[in-house]
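A.B. asks: Have a look at this one before I ask anything.
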């Protein structure tokens, strides 16, 4: 297990004993009505609805309009006291969205996770011809999880999209679930809700990495939704 220093343990303690992390993207009126891509904002809650964190995107306006999901960006994860718990960095990628040659390194989407200005791990899209997969690494380059995307991600199915998380012994240990918001919300917004369900005893470092994977999934698969087809309130949940 990658060792954390005292400051990192203190900041990551927000994930301790959590069995569910709910990530809600805030809907933006400019996106809904004039198809103008704004910086993403999220709020994070536990399973009983208690506010935990807020997440804000840092990127420039031009790349948001031209590069959409492939844009370089940072996500600042702040606690109630506006301390930066995590910084998530994604480099620019020439392929926008999931329909891409992931086997080519320049096209593979990534998110790098920092705590107290030190990288603690990263998540990377893996080469796969049939099913999109991700590998989760601690900063010592040891892989800890594989995430399998659903074969079908279509809002018209009126159901949740579930991403199953496996450890390297092949056991299912967690889920990242993109929640279906209902026909009206899916049609009128690209604000998502995700739920991350995971074991309460999981190490806070690994919880932080799966939390970060949620945002990579959001940008890759749900950021390019056409605003005329999908315009009101989306979300992601991480869970077992």
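The values are calculated or read from the model by the stated rules, or taken from the named source; none is laboratory data. Just so we're clear, the structure is a prediction, and the values are computed from it rather than from any experiment. With ideal geometry, Cβ positions are generated from the backbone for all residues, glycine too; neighbour counts draw on all protein chains shown.
A.B. asks: Restricting the search to region 196-208, which residues are surrounded by fewer than 22 Cβ atoms within 10 Å (Cβ to Cβ) and part of a helix (DSSP H, G or I)?
C.D. replies: Result: 204, single match.
A.B. asks: I'd like to know if region 27-44 contains one or more residues that are surrounded by 12 or more Cβ atoms within 10 Å (Cβ to Cβ), modelled with pLDDT under 90 and closer than 24 Å to residue 134 by Cα.
C.D. replies: Scanning region 27-44, I find at least one residue that is surrounded by 12 or more Cβ atoms within 10 Å (Cβ to Cβ), modelled with pLDDT under 90 and closer than 24 Å to residue 134 by Cα, so the answer is yes.
A.B. asks: Out of all the residues in region 170-181, which are under 24 Å from residue 27 (Cβ atoms) and modelled with pLDDT of 90 or more? Walk me through how you get there before you give the answer.
C.D. replies: Of all residues in region 170-181, those under 24 Å from residue 27 (Cβ atoms) come to 176-181.
176, 177, 178 - these are the residues of region 170-181 that are under 24 Å from residue 27 (Cβ atoms) and modelled with pLDDT of 90 or more.
A.B. asks: Just to be sure I understand the filter: pairs with C-beta atoms under 7 Å, separated by 6 or more residues or on different chains, first member in region 139-155 and closer than 17 Å to residue 198 by Cβ, second member at pLDDT below 90 and surrounded by fewer than 17 Cβ atoms within 10 Å (Cβ to Cβ). Which pairs pass?
C.D. replies: Pairs that qualify, where the first residue is closer than 17 Å to residue 198 by Cβ and the partner is at pLDDT below 90 and surrounded by fewer than 17 Cβ atoms within 10 Å (Cβ to Cβ), are 148/131.
A.B. asks: Would it be correct to say that residue 191 is assigned to a loop (DSSP other than H, G, I, E, B), modelled with pLDDT of 65 or more and buried (at least 23 other Cβ atoms within 10 Å of the Cβ)?
C.D. replies: On the way: assigned to a loop (DSSP other than H, G, I, E, B): yes; modelled with pLDDT of 65 or more: yes; buried (at least 23 other Cβ atoms within 10 Å of the Cβ): yes.
Yes.
A.B. asks: Between 229, 167, which is touching a strand residue (DSSP E or B) at 6+ places or on another chain (Cβ under 6 Å), surrounded by fewer than 17 Cβ atoms within 10 Å (Cβ to Cβ) and either modelled with pLDDT of 90 or more or over 16 Å from residue 45 (Cα atoms) (or both)?
C.D. replies: Working: 229 fails: touching a strand residue (DSSP E or B) at 6+ places or on another chain (Cβ under 6 Å).
None of the others qualify; the one that does is 167.
A.B. asks: Here is a list of conditions, (1) loosely packed, with under 15 Cβ neighbours inside 10 Å; (2) at pLDDT 95 or above; (3) part of a helix (DSSP H, G or I), and residue 184 meets all of them except one; can you say which number that is?
C.D. replies: Here residue 184 clears every test but (2).
A.B. asks: Next up: So residue 22 passes all but one of these: (1) modelled with pLDDT of 95 or more; (2) crowded, with 19+ Cβ neighbours inside 10 Å; (3) part of a helix (DSSP H, G or I). Which condition number does it fail?
C.D. replies: Result: residue 22 fails condition (3) only.
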